[in-house]
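Written below as structure tokens is the structure these notes are about.
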Amino acid sequence: MKIAVIGCGYLGAVHAAAMASLGYETIGVDVDEAKIERLRRGEPPFFEPGLPELLRAGVDAGTLRFTTDVAEAAGSDVVFVAVGTPQRAGSDAADLTYVDAAVESLLPHLAAGTLVAGKSTVPVGTAQRLADLIAPTGATLAWNPEFLREGFAVEDTLAPDRLVYGVADGDDAAVAALDAVYARILERGTDRLVVNYATAELVKVSANAFLATKISFINAMAELSESVGADVTQLADAIGLDARIGRRFLNAGLGFGGGCLPKDIRAFQARADELGHGETLGFLREVDRINLRRRDRMVALIERELERVGGDRVAMLGLAFKPNSDDVRDSPALDVSRRLQEGGRVVRAYDPEARETALRVVPGLEIVTSVADAVCGADVLALGTEWQEFRDLDPAALAGITDARVVVDGRNALDAAAWSAAGFRVIGLGRPEVAAA
Ligand code: UDX
């Protein structure tokens, strides 16, 4: 079987490497020459655990190749489209320029018997439009959304919770082709759902909308907890024990960021508006607002603590939108850092992986290379991303190298008792403050 993957960003690079690891002759295609050069050397253009090994294995075995020439996708059995659908400038809607350009560029290289399988997250209605566009070539289209999480991308691609195939009515050949591609995953009993195009498109955006809503729900409870003296972490533990609710994705804190959830809920709302269903998804605007208010709260807490000690130096631990990633797209931690800096505060940040990516977005930010450098001389410590390295910190040792005696834990990830015992006041989001022992 020959596989092509158009778009070698986060989704595509991981997907191509995964396809090669399943034993298929795979070609990854991208318009970005620099990215292709790196991938040819087996180097991922971003940090993702497990991906370097997978890429190198495919490149060394010769089963995984990369090119900027889309013509090399010709003759593939399945062509995956995995280009980005970012938020359109000046709008909430998804920018489909890359999807449209990818499919247009493929048209001369498609033939009967080829299956084009869309993986990108798209507004409902896109797949049918693309199916009509490629129909004259004899190729057919399936929509096969991807649910991978950054930091677990390899695992999620090779061992997904479920596979979803959106196919045209009666297109058994498309189902058979995808079954063949995913044979080794299906063998393990993975659920596979065959649905129509619109359902497949909606599965992806509604899953992300649900996850975002779950996070904003608990963050709304955090807002309330702050004013009534409740502890949102205990609240999450208690409601999470109800199996219908579940504890996962109930971590209150700085809220969601990244390249998916924020733009996907906005695009979903924008598409609903276009379809005359703006009111139906109106709650997603509130989900977005609750999420953004957590950043305001974090900035306000840090400002309050700086006033209190009469200082202006903040140590920010973490910049990535979540741990195990160097991605700072729409990162709450980076946003808080930037806002403090714009407000005239001196921010010294440290992140295990996101230094380069953060500097590209906020060039003036002072980003040091260790926790010790960040906290030395700081008046207030802040946690923006819950990397394991920060959870594992020894607060007693830190107390010896910083004058700060307060930590604002934006992810409710630190062991408050241990920090308190070491002489720090601990301020979480949605939790009563813990005094220094
Ligand atoms: C998400 C979806 O999980 C994935 O299925 C989809 O394919 C792409 O979007 P990802 O963006 O990699 O994946 O990150 P995820 O682990 O979902 O976290 C998103 C954001 O929510 C992060 O900023 C994280 O810190 C935040 N989050 C997550 C919380 O604030 N609380 C939680 O309980 C969980």
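Points worth noting:
- Charge dipole of the chain about the Cα centre (unit charges at C-beta), most positive-ward option of GLY423, ASN196, ALA176: GLY423
- Kirkwood-based shape ratio for region 336-390, expressed as Rg/Rh from alpha carbons: 0.92
- Ordering GLY311, PHE66, THR121 by Cα displacement along the dipole of the chain toward the positive end leaves GLY311 in first place; charges were set at the Cβ atoms of Lys, Arg (+1) and Asp, Glu (-1).
- Distance from the alpha carbon centroid of region 241-310 to that of region 80-152 works out to 28 angstrom.
- Restricted to Cα atoms, the chain shows a radius of gyration and a Dmax of 23.3, 73 angstrom.
- Taking amide H as placed 1.01 Å from N in the peptide plane, VAL362 has no amide H partner under 5 Å among residues 5 or more places away or on another chain.
- Karplus-derived HN-Hα couplings along region 389-399 (A = 6.51, B = -1.76, C = 1.60, θ = phi - 60°), whole Hz, x at Gly and Pro: 3, 7, 4, 7, 4, 9, x, 5, 5, 5, 4
- Taking a straight Cα-Cα cut-off under 14 Å and skipping sequence neighbours fewer than 8 places away in the same chain, the aspartates and glutamates within cross-link reach of LYS204 are GLU146, ASP161, ASP264.
- Packing-based ranking of 3-11, 341-349 yields 3-11, 341-349, ordered from highest to lowest mean Cβ neighbour count within 10 Å.
- For ASP169 and LYS2, the FRET efficiency from 1/(1 + (r/R0)^6), where r spans their Cβ atoms and R0 equals 25 Å, is about 0.40.
- Across region 278-423, C-alpha contacts under 8 Å between residues 6 or more apart give a mean separation that, scaled by the residue count, equals a relative contact order of 24 percent.
- Simple point charges give the picture: +1 on the Cβ of Lys and Arg, -1 on the Cβ of Asp and Glu, and for region 1-107 a dipole about the Cα centre of about 220 debye.
- Residues in region 108-125 reached by a label modelled at LEU193 [backbone nitrogen below 19 Å; 7 Å Cα→Cβ]: 118-125
- Applied to region 29-42, the Karplus parametrisation 6.51 cos²θ - 1.76 cosθ + 1.60 on θ = phi - 60° returns per-residue 3J(HN,Hα) values of 10, 8, 7, 8, 4, 5, 5, 5, 4, 5, 5, 4, 7, x Hz, with x for Gly and Pro.
- All Cα-Cα distances of region 177-266, cut into 10 Å bins from zero to the largest, leave 14, 32, 29, 18, 6, 1 percent in each bin in turn.
- Among beta bridges from DSSP that stay inside the chain, the antiparallel ones total about 10%.
- For the pair ARG405 and GLU33, label points projected 7 Å from Cα toward Cβ lie 6.0 nm apart.
- Potential extension, LEU292-SER227 segment - 0.36 nm per residue separation minus Cα distance: 21.6 nm
- Cα-based convex hull, region 22-138, per residue volume (Å³, whole number): 125 Å³
- Using only side-chain charges placed at the Cβ, +1 for Lys and Arg and -1 for Asp and Glu, the dipole size of the chain relative to its Cα centre rounds to 580 debye.
- Full-stretch length increase - LEU241, ARG184 - with 0.36 nm per residue and alpha-carbon distance subtracted: 17.1 nm
- Centroid-to-centroid, using Cα positions, region 184-231 and region 376-437 are 30 Å apart.
- Among ARG294, ARG41, ARG329, the residue with the largest mean-square fluctuation in a Gaussian network model of the chain, with springs joining Cα atoms closer than 10 Å, is ARG41.
- Rounded to whole Hz, the Karplus (6.51, -1.76, 1.60) HN-Hα couplings of region 292-303, x for glycine and proline: 6, 5, 5, 5, 4, 4, 5, 4, 4, 5, 5, 4
- When +1 charges are put on Lys and Arg Cβ atoms and -1 charges on Asp and Glu Cβ atoms, the dipole computed for region 198-437 relative to its Cα centre reaches about 340 debye.
Read-outs throughout are calculated quantities, based only on the coordinates presented, and are distinct from any laboratory measurement. Predicted model, so just to flag it, every value in this text is computed and none were measured. Please note: Cβ atoms are built from the backbone with ideal geometry, for glycine as well, and neighbour counts cover all protein chains shown.
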